[in-house]
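The values are calculated or read from the model by the stated rules, or taken from the named source; none is laboratory data. Note that the coordinates shown come from a computational prediction; the quantities given were computed from them, not determined experimentally. Cβ coordinates were reconstructed from backbone atoms using ideal geometry, including for glycine residues, and neighbour counts include every protein chain displayed. Protein only, heavy atoms only, side chains kept; ligands, DNA and RNA dropped before computing areas. Shrake-Rupley method; radii C 1.70, N 1.55, O 1.52, S 1.80 Å.
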Amino acid sequence: SDTPPIAIRMVASNPTGYVQVMNTYVEAADDSCTNSVFRLIGGTNSTLASSGDSSWEGLDVNTPYPLMRPFDAQRKAAA
């Protein structure tokens, strides 16, 4: 009952267009203990399939959600 709450964020994505990927992050202090950053926790299906996306690892928790990922434009053009 004296334990502080832990903020957990679950991020679902579909990087390949075929398989849903779920990553779970916890909000943790960075190395300088001045900012809260995302830390990947637990094993995910994507990690087990060797196609994991830990792109939020180490980002500040106030970082806006990216609407397009780095290779989305090329994937769209190739389709």
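The table that follows gives values for the structure above.
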| quantity | calculated |
| --- | --- |
| Number of the exception - R9 against (1) part of a loop (DSSP other than H, G, I, E, B); (2) at pLDDT 80 or above | (1) |
| Single residue of region 39-58 satisfying the filter (modelled with pLDDT under 85 and outside any loop (DSSP other than H, G, I, E, B)) that is nearest to K76 (Cα to Cα) | S46 |
| Those residues of region 1-19 which are free of Cβ contacts under 8 Å to residues at least 12 places away in the same chain and of a type outside the set (A, V, I, L, M, F, W, C), in sequence order | S1, D2, T3, P4, P5, N14, Y18 |
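Yes/no per residue for (1) closer than 30 Å to Q74 by Cα; (2) touching an Asp or Glu at 6+ places or on another chain (Cβ under 9 Å); (3) open to solvent by 90 Å² or more (accessible area, probe 1.4 Å); (4) not acidic (D, E):
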{"position": "T3", "(1), (2), (3), (4)": "no, no, yes, yes"}
{"position": "V11", "(1), (2), (3), (4)": "yes, yes, no, yes"}
{"position": "N14", "(1), (2), (3), (4)": "yes, no, no, yes"}
{"position": "G17", "(1), (2), (3), (4)": "yes, no, no, yes"}
{"position": "N23", "(1), (2), (3), (4)": "yes, yes, no, yes"}
{"position": "C33", "(1), (2), (3), (4)": "no, no, yes, yes"}
{"position": "V37", "(1), (2), (3), (4)": "yes, yes, no, yes"}
